[in-house]
Structures are given as C-alpha cells and as structure tokens.
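One structure is given here, and the rest of the page talks about it.
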Amino acid sequence: MRYLKPGEYGVLNFVTDQGKGIIIFRAIRCHSEKPTPFEYGSLVSRGVLSASIDPDTVTDPVRFKISIHARDINDLFYFREADYLLHVELKLTPPVKVFKYFTSGSLQGTYNPILSAYTDTPFGFEWPPIEFIAIPNVHLDFAFRNPYKTEKVDPYIEWDYMWYEVKYPKDASLYEAVLSGKLKLPWFMIYGPEPFDYNFQTYMKTGRPIPIDATPDEIRSILGGWP
C-alpha cells in the first residue's frame with residue numbers, strides 16, 4: 001500500500017445522498033515521514049467484544065474504542081477537523097473476514113448489485129489488510145466473520161496510519177484532466193455502493209462532489225457553488 005507525500009493529489013470517490021462523484025484533494029502536509037504503526041490489541045482485551053468469536057460466526061458491528069488517561073474514546077477513527085484525512089491500513093491476526101459498515105449502519109458489500117451482501121452469506125466480506133480513508137465527522141463500524149470451522153478466535157488488531165492535512169482545489173481544469181483520464185491519480189472509494197447522508201459544506205468546507213460524467217460547463221458550475 002502506498003501513502004501520499006506532501007504535494008501529491010488524491011481522489012475521493014463518493015456515493016452519498018447528496019450525490020455521487022469525486023472530490024480531489026492535495027496533501028499539503030503529512031504528520032510523519034512514514035506511516036505510524038499502532039498496536040491496538042485484541043478485540044476482547046479492549047472490551048470491543050465480550051468473548052472470542054465462535055467458529056463460522058459473525059459479530060455485531062463494533063467500533064475501535066479505547067481509554068487513555070481516564071478519557072474514553074468511542075471511535076478511534078472519528079475526528080472533526082475539516083482540513084484533515086486519515087489514511088489507514090488495518091491488519092488482523094489471525095486473519096478473519098471483515099465486513100465494513102461505512103458509515104455506521106451502512107452495509108458496504110463489495111458484491112452489490114450483482115450479489116447482495118448480508119452477514120449470513122460470505123459475500124461482501126474482505127480479507128485483511130483493509131485500506132480506507134476516514135473523512136471528517138463519520139463513524140466507521142466493523143463486523144468480523146470467523147471463517148474457521150472449529151477454532152474460536154480473538155483477533156489481534158493493529159494498523160498503520162498517516163494523517164494528511166489537505167486542501168480541496170477548485171480547479172476545473174484539474175477535474176477535467178482526471179475525469180478524461182489524462183491525469184492519473186490514486187482513487188479512494190468513500191465508501192461503497194450504499195449511499196450515506198453527508199453535509200459537505202459543514203464537514204469538509206466544500207460543495208457537492210463532481211459527477212464522473214460531468215461536462216466542463218457542469219464542473220465549473222458546481223465548483224462555482226463551493227464555499
């Protein structure tokens with residue numbers, strides 16, 4: 001997995017109730033030269049689960065919580081700063097399948113619409129490592145499927161992460177180059193086929209995303225309505 005460096009661009013590909021499309025960002029500053037490792041611990045030891053996962057069983061959706069210096073943090077991937085993004089690579093040992101509820105309550109099955117993703121089927125689960133970008137003011141939940149037939153598991157969780165301080169350029173020619181394929185940038189899905197409600201102006205200080213089939217005039221019109 002590759003993290004961005006200062007000055008590099010990326011593309012957030014949104015599916016929301018406010019519209020589908022992309023928002024381009026530029027990493028102005030990275031808070032470390034290399035991704036930072038974080039050893040979270042096992043799901044049981046952190047109180048995320050009350051017991052190990054039984055064979056061929058799926059957990060309820062959970063968040064990664066922690067207590068630090070008598071302060072309880074309900075969701076380690078939640079933040080409010082509009083000019084930041086959090087890039088994460090999540091790892092589990094032993095490997096178990098992960099079902100992403102991004103955002104909280106929204107099942108993001110990778111097989112939709114060909115096959116519906118439900119917790120009682122194998123569809124929609126992903127093997128770790130799991131890469132994602134957390135955006136401001138969004139809770140991310142995870143469910144875990146123990147694929148082993150006879151063994152209970154309590155996965156040990158760790159991840160690498162990078163904080164990006166970002167800007168969202170209002171450059172119509174940049175969007176035209178990306179959407180025409182003339183400029184290749186890394187794309188990040190936010191977050192899957194199930195749309196979610198998101199207030200772009202409040203949470204990211206942008207306007208609505210640019211549809212991938214937008215004409216140059218439409219791109220300029222949408223960007224002109226951004227704050």
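The values are calculated or read from the model by the stated rules, or taken from the named source; none is laboratory data. If you're wondering where the values come from, they're calculated on a predicted model, not measured in any experiment. Please note: Cβ atoms are built from the backbone with ideal geometry, for glycine as well, and neighbour counts cover all protein chains shown.
Taking the stated definitions as given, is residue 101 under 22 Å from residue 11 (Cα atoms), out of contact with any helix residue (DSSP H, G or I) (no Cβ under 7 Å at 6 or more places or on another chain), surrounded by 16 or more Cβ atoms within 10 Å (Cβ to Cβ) and at pLDDT 90 or above?
Taking the combined requirement at face value, the residue does not satisfy it.
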Any residue at all in the stretch 19-30 that's in a loop (DSSP other than H, G, I, E, B) and surrounded by 13 or more Cβ atoms within 10 Å (Cβ to Cβ)? no
Considering the stretch 139-185, residues that are part of a loop (DSSP other than H, G, I, E, B) and touching a Leu at 6+ places or on another chain (Cβ under 7 Å), and then whichever is farthest from residue 220 (Cα to Cα), we arrive at 154
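Taking the criterion of being among the aliphatic types (A, V, I, L, M) and closer than 29 Å to residue 205 by Cα, would at least one residue in the stretch 91-109 satisfy it?
Yes, the stretch 91-109 contains a residue that is among the aliphatic types (A, V, I, L, M) and closer than 29 Å to residue 205 by Cα.
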Going residue by residue through the stretch 111-119, is there one that turns out to be in contact with a helix residue (DSSP H, G or I) (Cβ under 8 Å, 6 or more places away or on another chain) and either modelled with pLDDT of 90 or more or crowded, with 18+ Cβ neighbours inside 10 Å (or both)? no
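Within the stretch 186-227, restricting attention to residues that are in a strand (DSSP E or B) and at pLDDT 95 or above, which residue is farthest from residue 142 (Cα to Cα)? Steps first, answer last, please.
From the stretch 186-227, those in a strand (DSSP E or B) are 187-190, 196, 210; that's our starting set.
Retained after the next criterion (residues that are at pLDDT 95 or above): 187-188, 210.
Details: 187: 22, 188: 18, 210: 29 Å.
So, considering only residues that are in a strand (DSSP E or B) and at pLDDT 95 or above, the one farthest from residue 142 (Cα to Cα) is 210.
Going by the structure shown, is residue 198 surrounded by 17 or more Cβ atoms within 10 Å (Cβ to Cβ), among the hydroxyl-bearing types (Ser, Thr, Tyr) and under 14 Å from residue 19 (Cβ atoms)? I'd like the intermediate steps shown before the answer.
Values: surrounded by 17 or more Cβ atoms within 10 Å (Cβ to Cβ): yes; among the hydroxyl-bearing types (Ser, Thr, Tyr): yes; under 14 Å from residue 19 (Cβ atoms): yes.
The answer is yes for residue 198.
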